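The values are calculated or read from the model by the stated rules, or taken from the named source; none is laboratory data. In this text the structure is predicted, and so the values were computed from the model without any measurement. Note: ideal-geometry Cβ built from the backbone for every residue, glycine included; neighbour counts use all protein chains shown.
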Amino acid sequence: MSNPLSDLEKADVYFCIGTNMTECHPVAATRMKKALARGSKLIVADPRYIKLAEMADLYLPLRVGTDVPLLLAMAHVIVRENLIDHKFVEERTTGVDEYIEHVKKFTPEWASEITGVPAKDIEKAAILYGAADKASIYYTLGITEHICGVDNVQSLSNLALLTGHLGREGCGINPMRGQNNIQGAGDAGAAPNVYPGYQAVTKPEIREKFEKLYGRELDPERGITKVTALETSGNGIHAMLIDGENTLVSDPDRVHSEHALNSLDHLVVIDIFLTETAAMADVVLPATSWGETEGTLTNTERRIQRVRAAVTPPGESKPDWEILTMLANAMSIPGFEYDSPKEIFNEMCSVAPIYAGVDWDMVDGGQYQWPIPYKGHPGTPRLHEDGFTNGKAVFKVIGFRDPAETVDETYPVWLTTGRRLQSYHTHTQTGRASGIEYLVPEEYLEVHPDNVKKWGLKDGGWAKVVSRRGEIKIKVKSTSRSPRGTVFASFSFAETPVNILTGSGYDPNTHTAEMKVTVVRVEPL
């Protein structure tokens with residue numbers, strides 16, 4: 001997030017797109033609710049009429065996979081109405097002339113034909129966001145889990161740059177992280193293209209620094225993604241270590257994922273429970289849970305937080321860092337002579353510029369948000385206040401492209417997926433908590449009442465959902481939250497493996513799966 005969570009209470013206008021904030025980030029969402037109660041305005045763009053949409057001053061029910069046309073048309077209106085922050089654009093950006101010429105072609109009427117959102121509402125949204133003194137954007141996986149996820153994010157960045165809603169209180173572009181320490185994992189280099197601190201592996205001077213640290217030559221090319229690893233399992237990739245992820249339930253195209261894991265010569269899983277993926281493993285190494293672990297987390301607002309073990313780990317379970325250290329030492333890999341998480345964190349601070357100003361003892365109170373470039377620096381709650389570290393921000397010229405699959409006679413229904421408030425992710429933890437089963441005992445397919453009748457379904461009855469990859473049996477819930485022609489389900493229950501249906505494509509840059517758009521047919525059972 002570019003802005004701290006406290007700014008969730010400080011905007012005049014909120015633009016929430018592709019985020020079911022009240023269900024996926026319910027604690028953070030309470031801050032925005034306070035602002036709305038005081039009179040702030042809310043724009044919500046989402047295919048479903050989620051609870052967040054019920055609070056909105058303006059709801060934009062766009063068709064799944066059409067975020068770019070909506071954002072292009074909003075930019076068109078901002079340019080047309082001269083809501084551009086000319087001083088900000090001139091001093092802090094480049095490429096604006098080409099971008100303005102580009103968006104002049106994309107009228108609200110053009111976008112309305114593609115998105116299904118009335119042109120007048122697109123205009124209202126653009127003017128509301130563009131004319132506000134303090135306007136902020138919040139998004140999550142509804143923006144990124146598309147084959148055009150990068151295009152979606154860059155389109156949002158263009159809007160913020162055009163209006164100068166960056167580097168100020170109550171503004172910013174704020175992707176809210178889906179799991180605890182996802183931000184921290186990225187900071188630590190858990191991506192194929194960067195070392196810790198988002199330092200590119202392809203830069204020789206950066207690579208040289210880490211070669212000196214690790215005492216060995218490092219590959220000058222970016223590593224492979226999980227998508228590539230699964231595609232080459234058994235044919236290039238022969239062994240795999242999966243740490244803290246239930247791949248079999250959460251990854252798209254379950255049949256492909258299961259075949260890939262079965263093709264391996266050796267599979268090792270590190271986890272706190274025997275998940276569906278762990279059950280496939282040759283070796284399972286038991287990890288400690290959050291309440292049994294010492295270390296640091298970095299949360300969605302870039303805040304570094306110390307965590308402390310409250311209870312003794314059961315049995316032979318160990319923290320992830322210790323398991324990985326033992327594995328590395330057993331394989332004679334140098335550079336893993338660690339005795340504590342303190343050593344590991346301090347090493348990261350010594351090589352990652354965004355952490356350079358802190359150490360283990362300094363983050364004890366959780367007051368620092370990176371970047372903290374030097375000792376004595378107070379941290380950076382709000383990014384870009386004094387400009388952009390890489391110079392000027394660049395406007396990106398983005399065009400619209402259809403999802404990997406579009407509806408046809410064989411598969412006439414859009415399926416989109418997401419999470420539910422009561423069941424977290426793949427149900428690995430919430431499924432073991434007593435009481436949760438009374439709230440959501442099983443997965444169900446949300447279908448608009450008109451479609452329930454038209455397709456011969458029954459509320460509470462069974463349906464068969466079929467995609468190009470497979471089929472599942474699922475209960476039906478009649479609800480107007482889903483629009484006509486679009487159905488919704490979560491992937492929380494292994495007994496209802498929705499990920500059998502998904503997996504039509506990936507973003508070519510990030511290899512993020514298009515979990516939000518699948519075409520299916522729905523038949524009564």
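Results, tabulated for the structure shown:
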{"read-out": "Selection from region 76-98 of residues that are within 24 Å of ASP386 (Cβ to Cβ) and either charged (D, E, K, R) or not in a loop (DSSP other than H, G, I, E, B) (or both)", "value": "ASP85, HIS86, LYS87, PHE88, VAL89, GLU90, GLU91, ARG92, THR93, THR94, VAL96"}
{"read-out": "Residues located in region 235-265, provided they are surrounded by 14 or more Cβ atoms within 10 Å (Cβ to Cβ), out of contact with any Asp or Glu (no Cβ under 7 Å at 6 or more places or on another chain), in a loop (DSSP other than H, G, I, E, B) and not acidic (Asp, Glu)", "value": "PRO252, SER263, LEU264"}
{"read-out": "Residue satisfying all of: in region 433-460; part of a loop (DSSP other than H, G, I, E, B) and either of a type in the set (A, V, I, L, M, F, W, C) or outside the structural domain of THR486 (by TED's automatic domain parsing) (or both); nearest to TRP414 (Cα to Cα) among these", "value": "TRP455"}
{"read-out": "Sole exception among (1) touching a strand residue (DSSP E or B) at 6+ places or on another chain (Cβ under 6 Å); (2) touching a residue at least 60 places away in the same chain (Cβ under 8 Å); (3) under 21 Å from PHE210 (Cα atoms); (4) not small (Gly, Ala, Ser) for GLU347, by number", "value": "(1)"}
{"read-out": "Residue that is nearest to ARG31 (Cα to Cα), among those in region 8-21 that are over 20 Å from the mean Cα position of the chain (by Cα) and in contact (Cβ under 8 Å) with a residue 40 or more places away in the chain", "value": "LYS10"}
{"read-out": "Pair list, Cβ under 8 Å, 6 or more apart: region 298-315 residue under 14 Å from PHE345 (Cα atoms), other residue outside any loop (DSSP other than H, G, I, E, B) and of a type in the set (Phe, Trp, Tyr)", "value": "ILE304/TYR355; VAL307/TRP290"}
{"read-out": "Leading residue by the ranking (nearest to the chain's Cα centre (by Cα)) among those in region 353-366 that are in a loop (DSSP other than H, G, I, E, B) and more than 19 Å from HIS384 (Cα to Cα)", "value": "GLY366"}
{"read-out": "Only one of ALA160, ALA191 that is modelled with pLDDT under 95 and hydrophobic (A, V, I, L, M, F, W, C)", "value": "ALA191"}
{"read-out": "Subset of region 313-357 [loosely packed, with under 11 Cβ neighbours inside 10 Å and either modelled with pLDDT of 95 or more or not polar (S, T, N, Q) (or both)]", "value": "GLY315, GLU316, ALA330, MET331, PRO334, GLU337, ASP339"}
{"read-out": "Condition broken by GLY39, with the remaining ones in (1) closer than 17 Å to THR140 by Cβ; (2) surrounded by fewer than 18 Cβ atoms within 10 Å (Cβ to Cβ) satisfied", "value": "(1)"}
{"read-out": "In region 171-188, the residues that are at pLDDT 95 or above, in a loop (DSSP other than H, G, I, E, B) and touching a Leu at 6+ places or on another chain (Cβ under 9 Å)", "value": "GLY172"}
{"read-out": "Residue in region 132-144 that is among the aliphatic types (A, V, I, L, M), closer than 15 Å to PRO69 by Cβ, touching a Gly at 6+ places or on another chain (Cβ under 8 Å) and outside the structural domain of ARG419 (by TED's automatic domain parsing) present", "value": "yes"}
{"read-out": "Odd one out for GLU205, checked against (1) exposed (fewer than 14 other Cβ atoms within 10 Å of the Cβ); (2) under 20 Å from the mean Cα position of the chain (by Cα)", "value": "(2)"}
{"read-out": "Residues satisfying the stated conditions in region 202-231, i.e. within 14 Å of ALA352 (Cβ to Cβ) and touching a helix residue (DSSP H, G or I) at 6+ places or on another chain (Cβ under 9 Å)", "value": "LYS209, PHE210, LEU213"}
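So that you can scan it fast, the table gives a plain yes or no per residue for (1) in the same structural domain as THR115 (by TED's automatic domain parsing); (2) β-branched (Val, Ile, Thr); (3) modelled with pLDDT under 95:
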residue	(1), (2), (3)
ARG468	no, no, no
ILE472	no, yes, no
PHE488	no, no, no
GLU495	no, no, yes
VAL498	no, yes, yes
